[in-house]
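Read the figures in this text as sums done on the coordinates, not as results from a lab. Since we're looking at a predicted model, the values are computed, not measured. Please note: Cβ atoms are built from the backbone with ideal geometry, for glycine as well, and neighbour counts cover all protein chains shown.
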Amino acid sequence: MAIPFFILAGNFLTHGGVARRMINFATSLVGHFHGGLALASILACAMFALVCGSSVATVVAIGSIVLPAMVAHGYPMRFGAGVIITAGSLGILMLPSIPKVIYAISTNTSIGALFVAGLLPGSLLTLMLCAVTWYIAKKNNYPRMPKATWLERLKFFQKSVWGLMRWRRFTRSLSPCMSIKT
């Protein structure tokens, strides 16, 4: 039951505007650095992965919005596609992931323990991807975006966090596998 709900969650998040709000919030945080849009896509993939649990849904949701914007801002298509595809792998590591649920059920392992075990590797991978992307962007002088004010960042945060919190509550009520005792 969990796998169809994860795929459905990715579809709802994409079409419901939550992915765009996450991208806007991430862009307000790191958009002013070299390669800011690429860095924002990595952070948005990490946030989306925390909710969705599917790498494919993460790549489709974030990539369909960010990749055209990156190309329009002057990033090479290969660079943008590489960043989004690589950052999409965070969907497997972060909290509710389809492979983790399958592994936990097939080996009778605690789902909660697997979810917690993915936080540190997922966070480290996000930081390393950001560092490598920033270095390549600085070396190739990829464009920056205007720096957002703290008020703009707060507004984008408020818009994204409420959508994510409502979505988490919705998916927990739908999926019986999310409430398995650990």
Karplus 3J(HN,Hα) series, Hz, for the range 131-145 with 6.51 cos²θ - 1.76 cosθ + 1.60 (x for Gly, Pro): 5, 5, 5, 4, 4, 5, 5, 5, 4, 9, 6, 6, x, 10, 10
For labels at residue 135 and residue 113 in the simple 7 Å Cα→Cβ model, what's the distance in nm? 3.6 nm
Label point distance in nm, residue 78-residue 120, each placed 7 Å from Cα along Cα→Cβ: 3.7 nm
For a test of the definition: using alpha carbon positions, the gyration tensor, and the 1.5 limit on a/c, classify the range 2-174 as rounded, prolate or oblate. prolate
Output the relative contact order of the range 7-105, whole-number percent, from Cα pairs under 8 angstrom with separation of 6+ residues. 31 percent
With a Förster distance of 22 angstrom and the Cβ-Cβ distance between residue 158 and residue 32, calculated FRET efficiency to the nearest 0.05 equals 0.65
Can you give me the Cα centroid spacing of the range 139-161 and the range 10-68 in angstrom? 13 Å
